[in-house]
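Here's the structure we're looking at; comments come further down.
What follows is calculated from the coordinates using simple rules that are stated; it is not laboratory data. Remember, predicted model here, so these are calculated numbers, not experimental data. Neighbour counts are summed over all protein chains in view; Cβ atoms, including those assigned to glycine, are modelled from backbone coordinates with ideal geometry.
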Amino acid sequence: MSDVDWARVFDRSFTEQSRSTRQRVWREVYGQDYAEHAEPYSYVSRSELEEFAEHLQIGQSGAFVDLGCGRGGPGLVVALRTGARLIGLDISEVALADAEQAAQKFGLTERVEFRRGGFAATGLTDRCVHAVMSVDALTFALDKQQALTEMARILAPGGRLVFTSWDYKRTPDNRPPQVQDHRPLLERAGFQVLGYKETTDWRHRWQATSHGMITRRAELVEELGEERAVAMIAELQRQLDNQLPLVTRRILAIATRQ
């Protein structure tokens, strides 16, 4: 999958996605654990964002990176709860523009910066931040070892990395190379793994949110138009049929830079 222009893929995805229908479905599935204020593009929950804020161990004098920040919501929630300065990085210009608007809504523009950057090259200097977070984005890194090594490079010694992603039995046809366990990669990058756990109800939430979107064809057509709605439904079904069976678990990892 190295020849895929992922920036273009995500620009289109953020442009064409159905926000209102998606939010209704996610609220139904997640209930009180839906991360309402974050308006997540990912599967992150309210309780997981609380864990991010806790385990990053960063205060008002610190700075952290949200790598693969998307539209910015999860990182902004963590910034609001910790008081820390946020640098959000993403490869999608569409997502970054939305993130800038979200920062204004949160009232955090003075201590938040969003800019283009990816897993292979963040564009940041060595040891420049106290913590790094990433929500459901590492799965799209072409080289996960390189990505984790880059995270270690920008982290000050003793800094924390907290991320969610997926462990795969084998790589699906439509994804960059996946791994069965991220812990060996973390250790090789210079991290000490402090926690590595399967996230709550991840498989049910994946299935239920996908089915919820698929069954709302009429709403999606009204919101996106026939062509886009049909394409979205087909992609969701393909993920359920071809990708979900290959996933071992969705994980939340906590590590410290040695």
Summing -39500 (n - 2.57) over every DSSP H run of at least 4 residues in the chain and dividing by its residue count gives a helix-only mean residue ellipticity at 222 nm, to the nearest 500 deg cm²/dmol, of -12500 deg cm²/dmol
Using 0.36 nm times the number of residues separating T248 and A156, minus their current alpha carbon distance, what extension gain do you get? 29.9 nm
Counting pairs of alpha carbon atoms under 8 Å apart in space and at least six apart in sequence, what relative contact order in percent does the chain give? 20 percent
If you place +1 on the Cβ of every Lys and Arg, -1 on the Cβ of every Asp and Glu, and leave all else neutral, what size is the dipole of the chain about its Cα centre, to the nearest 20 Debye? 560 debye
